[in-house]
């Protein structure tokens, strides 16, 4: 009697085990399919439609509105040249062979100054974020320096260092180092304390802890600080080139813009503005956007994008 009573119970347990196993298999298959779907690369047409077409359409709309304003004579051509005149100014620089020289002069200064700011601002951010007395003393100074317009440093840098590349780099550093340091500080403040305790338990103290725990955990905030630091670097450099003029400095984008202003060449002024804007956008699209996507993807924050 007891043996026959245990048979249904055993069969029920086996059925439940089979059901659970089947459910787990189904769940695993679904997760595999989901992962495979995210791993699939977008086709060329999808990339073209999602990433290339929208900015191209935006550019066409801006140029179209610009041309419409010129055609309706909303203002005089001396104040707002039409796109064809600006294109002619670009072809003049191309024919003279000075276009890439002007761009490279500013780009080299901007990138090298920004890299120096990263080398200086990163340890400052680590120190301020980790040492409370230093934070109490220097934290407000960094916040004040970040809010100070970079152009305010140009006269002082010229008096201190003369009209040379050293003054240009000084303005870049004074404009971008506070942003980089504050970005790293904000990122470190958002690192969960559990990560720090786990790192110390595993022997990650001091520089090892900063390298393996703090910096990876603070990477999103640090990256935001780097992006802002580059923006400050570029704007500070343009301000310095607009104000400081010397044959030893060569002609960068800021100096080209100022020269066209002195010549009352409005197409050249518009071209200078467009080139400065274009370099800033290109650096963001070619470097910071891929880096940001990689960081977000590594943290599983890009699946829905």
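The values are calculated or read from the model by the stated rules, or taken from the named source; none is laboratory data. This is a predicted model, so every value here is computed, not measured. Neighbour counts run over all protein chains shown; Cβ positions are idealised from the backbone, glycine included.
What helices (runs of 4 or more DSSP H) completely inside segment 154-246 contain at least 2 residues that are within 23 Å of the chain's Cα centre (by Cα), at pLDDT below 90 and under 17 Å from residue 128 (Cα atoms)?
Where helices (runs of 4 or more DSSP H) fall fully within segment 154-246 and carry at least 2 residues being within 23 Å of the chain's Cα centre (by Cα), at pLDDT below 90 and under 17 Å from residue 128 (Cα atoms), they are 165-189, 219-243.
Can you find even one residue in segment 124-139 that is farther than 30 Å from residue 245 by Cβ and modelled with pLDDT under 85?
The initial filter retains those residues of segment 124-139 that are farther than 30 Å from residue 245 by Cβ, namely 124-139.
Next, from what is left, pick out any that are modelled with pLDDT under 85: 130.
Scanning segment 124-139, I find at least one residue that is farther than 30 Å from residue 245 by Cβ and modelled with pLDDT under 85, so the answer is yes.
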(request) May I ask you to list pairs of residues, at least six apart or on different chains, whose Cβ atoms are under 7 Å apart, with the first in segment 56-67 being closer than 11 Å to residue 83 by Cβ and the second being at pLDDT 85 or above? (result) 63/83; 66/83; 67/82; 67/83
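Identify, from the list 223, 202, 145, the residue that is over 20 Å from residue 291 (Cα atoms), in contact with a helix residue (DSSP H, G or I) (Cβ under 7 Å, 6 or more places away or on another chain) and surrounded by fewer than 20 Cβ atoms within 10 Å (Cβ to Cβ). Quick ask: steps written out before the conclusion?
Details: 223 fails: over 20 Å from residue 291 (Cα atoms); 202 fails: in contact with a helix residue (DSSP H, G or I) (Cβ under 7 Å, 6 or more places away or on another chain).
Just one listed residue meets the conditions, 145.
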(request) May I ask you to verify whether residue 253 is free of Cβ contacts under 8 Å to residues at least 60 places away in the same chain, more than 29 Å from residue 219 (Cβ to Cβ) and touching a helix residue (DSSP H, G or I) at 6+ places or on another chain (Cβ under 7 Å)? (result) no
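Taking residue 267 as the residue in question, decide whether it is without any contact (Cβ under 8 Å) to a residue 60 or more places away in the chain, farther than 23 Å from residue 158 by Cα and assigned by TED's automatic domain parsing to the domain that holds residue 142. I'd like the intermediate steps shown before the answer.
Details: without any contact (Cβ under 8 Å) to a residue 60 or more places away in the chain: no; farther than 23 Å from residue 158 by Cα: yes; assigned by TED's automatic domain parsing to the domain that holds residue 142: yes.
No, not satisfied.
Considering only segment 89-110, how many residues are touching a residue at least 60 places away in the same chain (Cβ under 8 Å) and either in contact with a helix residue (DSSP H, G or I) (Cβ under 7 Å, 6 or more places away or on another chain) or assigned to a loop (DSSP other than H, G, I, E, B) (or both)?
Restricting attention to segment 89-110, the residues satisfying the condition of being touching a residue at least 60 places away in the same chain (Cβ under 8 Å) are 89-90, 93, 98, 101-103, 105-107, 109-110.
Keeping just the survivors that are either in contact with a helix residue (DSSP H, G or I) (Cβ under 7 Å, 6 or more places away or on another chain) or assigned to a loop (DSSP other than H, G, I, E, B) (or both) gives 89-90, 93, 98, 102-103, 106-107, 109-110.
Adding up the residues that qualify gives 10.
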